[in-house]
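One structure below.
The values are calculated or read from the model by the stated rules, or taken from the named source; none is laboratory data. All figures in this text were calculated on a predicted structure; none of them were measured in a lab. Heads up, the Cβs are rebuilt from the backbone with ideal geometry, glycines too, and the neighbour counts pull from every protein chain shown. Note: areas computed on protein heavy atoms with side chains; ligands, DNA, RNA excluded. Shrake-Rupley method; radii C 1.70, N 1.55, O 1.52, S 1.80 Å.
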Amino acid sequence: MMVAKNIPSVCLSCGGCVGVCPQDAISLKDMKIVIDKEKCNNCGACVRFCPVGAMKLDEERGD
Amino acid sequence: MKSGVIDITRPVNLKDEYDVVIIGAGPAGSRCARLIAEEGFSVAVFEKRAEIGAPKRCAEGIGVKALQRMGYTGNERFVAQHIDGFYLYAPNGKEFMVEYGSSQGCVVERKVFDKFLAYDAAKAGASFFTRTEVVDVLRDDGKISGVVIRYGEEEFEVKAKVVVSAEGIEGKIARKAGIDTTNKLINVDSGYQYEMANLTMKDPKKLYFYLGNEIAPRGYIWIFPKGEYVANVGIGIGGVGATKKAKEYLDAWIENHPEIFGEASIIEENAGGIPVGGLLEDMVRDGFVVIGDAAHTVNPIHGGGMDEGTKAGEMAARVICECLEQGDVSHNALAKFNKLWWKERGEKLKRVEKLRQVIEKLRDDDLNFLAEELDVQDVIDFAGGKNLTKLAKILIKRPKLIKLATILR
């Protein structure tokens, strides 16, 4: 399954992806982007929004 | 001195209850806080960041009229540069210049400006708390009755008669209060900006706007001077339709303009989402109001949000104070804010949003055509939601643009 993934070293923590996520799956916690994998439905809105390329869709590793 | 052990896990001066709690100490929140405090009500403002005003997500431009509305003169320490006009560049490079002959606006230092708004609100009696994040709302019989805040690892319940969300584009609390503030991707611009030093501008008193789908699809590149050789250099592009990241477009454009940037250095990097549409009919619930970027009250053409946010903060403050005096903070009573805002600002912004919907469908040759047909005053009028029938009349001169003219009706 693909889910959104944040690349912290690229991210400026602007929070725009939080606003465009239709699943309410992204939060800005302690100024870091946190993604709720359960809610993410792989729509890619955050990836298309991100001004710097800090969001990507990634194969979820089995925990 | 108090005796005993000081508890460093609790925010200093925190009380259990306020008349009003405001989420976010940006311009909208602090402006709202000040006016409510001036009426003698108790207000707490919770800011999740460690510093009010930083990091900025803004090109920092604001009109002198907006500053004067807030009681400032434009000579305060937060003003970096006075602006007396602008240059606008069509995709084919054609240059338009407007000069007003006097200062019409300012580029401010948000790190100082936001603090000024907070200082003035605090002086009026509002209580500010940094590094304090609102994580949930409290409910009493279904009605919003306060918030849950987190400071470090500790959570506290804070009661309030009215909660105001001024929490910006990343806000989640309004959604918890039952207002869907999710931004459709089509209604958000991706913003990216450098603050640069040692760049070459022909006039530091002018703003610079560069249009074109090649350089900035459904948006523009800006240079907002903050001094003779310092400026915010940024881009806003539509989240739908762009093939590259905002940063890629901006970096490429900077590389292509060595005459401006050949010797320049980057002092700061900023990113941000700009809500350029999706105005909310209803911005209140029982005991709850949402304002500013969180409510998408941004000019959909130029993306400016400080004037809109502070104005909404003022209107919300007026309504909230009335409601508190009358002891009725129900949805019905607070809905007066909707009415006020839509009358004074919303109807205009709605028209500007329609204009945005037209412009985003224009190709570069259409933009060049419009640049020939329009004079600069038209452009200023359109951005203010005025005189759009003139645009419709020009659009219908080009058969393929007739359909777009109907959007403006």
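Figure the gain on full extension for B:Tyr119 and B:Glu214 (residue separation times 0.36 nm, minus the Cα-Cα span) and round it to one decimal in nm. Please list the in-between numbers first.
On the way: separation 95, 0.36 × 95 = 34.20 nm, distance 4.32 nm.
Once the chain is fully extended between B:Tyr119 and B:Glu214, it gains 29.9 nm.
The stretch B:244-300: which trypsin sites (Lys or Arg not before Pro) are DSSP loop and have at most 16 other beta-carbon atoms within 10 angstrom?
Passing sites in the stretch B:244-300 are B:Lys244.
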Quiz item: For A:Val10 and A:Lys37, FRET efficiency with R0 = 22 Å and r from the beta-carbon atoms, rounded to 0.05?
Solution: 0.65
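Normalised radius of gyration for the stretch B:172-321, please: alpha carbon Rg relative to 2.2 N^0.38 Å, two decimal places.
Output field value: 1.20.
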Quiz item: In bins 10 Å wide, starting from 0, what share of all Cα pairs of the stretch B:128-219 does each bin hold, as a percent?
Solution: 12, 30, 21, 19, 16, 3, 0
Practice problem: Give me the percent of DSSP beta bridges within the protein assembly as shown that run antiparallel, rounded to the nearest 5. | Solution: 75
Quiz item: Under the definition of partner shielding as Cβ atoms of other protein chains within 10 Å of a residue Cβ, what is the mean value for peptide B:176-186?
Solution: 3
Self-check item: Residues of the stretch B:84-120 with amide N under 17 Å of a point placed 7 Å along Cα→Cβ from B:Ile266
Solution: none
Exercise. For peptide A:40-48, compute the average count of partner chain beta-carbon atoms within 10 Å of each residue's beta-carbon.
Key: 2
Quiz prompt | Two-site FRET efficiency, B:Ala54 against B:Tyr100, from Cβ-Cβ distance with R₀ of 41 Å, rounded to 0.05 | solution = 0.85
Practice problem: Quick one: divide the alpha-carbon radius of gyration of chain B by 2.2 N^0.38 Å and tell me what you get. | Solution: 1.02
Quiz item: Looking at chain A, which GluC sites (Glu not before Pro) are DSSP coil and have at most 11 other C-beta atoms within 10 Å of their C-beta?
Solution: A:Glu38
Exercise. Largest first and to the nearest Å, give the Cα extent of the stretch B:16-102 along each principal axis.
Key: 60, 25, 20
Quiz prompt | the stretch B:184-273: GluC sites (Glu not before Pro) falling in loop per DSSP and having at most 14 other Cβ within 10 Å | solution = B:Glu214, B:Glu228, B:Glu263
Self-check item: Residue pairs, from the table B:Lys206/B:Lys245; A:Lys29/B:Lys339; B:Lys354/B:Lys403; A:Lys5/A:Lys29, whose Cα atoms sit over 23 Å apart
Solution: B:Lys206/B:Lys245; A:Lys29/B:Lys339
Quiz prompt | Simple Cβ-charge dipole of the stretch B:353-407, Lys/Arg +1 and Asp/Glu -1, about Cα centre, in debye nearest 20 | solution = 360
Practice problem: Taking amide H positions as placed in the peptide plane 1.01 Å from N, state which residues far from B:Ser127 in sequence (5 or more) or on other chains have amide H under 5 Å from it. | Solution: B:Val43, B:Ala44, B:Val45
Practice problem: Could you sort B:81-92, B:183-194, B:8-19 so that the peptide with the highest average Cβ count within 10 Å comes first and the rest follow in order? | Solution: B:183-194, B:81-92, B:8-19
Quiz prompt | the protein assembly as shown: Rg to Rh, with Rh as the Kirkwood radius over Cα pairs | solution = 0.97
Quiz item: How well do other chains shield peptide A:23-34, expressed as the mean number of their Cβ atoms within 10 Å of each residue Cβ?
Solution: 3
Quiz prompt | Charge dipole (debye, nearest 20) of the protein assembly as shown; +1 at Cβ of Lys and Arg, -1 at Cβ of Asp and Glu | solution = 1020
Practice problem: Starting from the coordinates of the alpha-carbon atoms of the stretch B:353-407, obtain the Kirkwood hydrodynamic radius over all distinct pairs and give the value in Å to one decimal. | Solution: 11.1
Self-check item: Label zone at B:Glu373, where the point sits 7 Å out along the Cα-to-Cβ direction: the stretch B:381-399 residues whose backbone N lies under 14 Å
Solution: B:388-399
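Give me the 1.4 Å probe accessible area per residue for the stretch B:26-173, excluding ligands and nucleic acids, in Å².
Here the residues of the stretch B:26-173 average 40 Å² of exposed surface.
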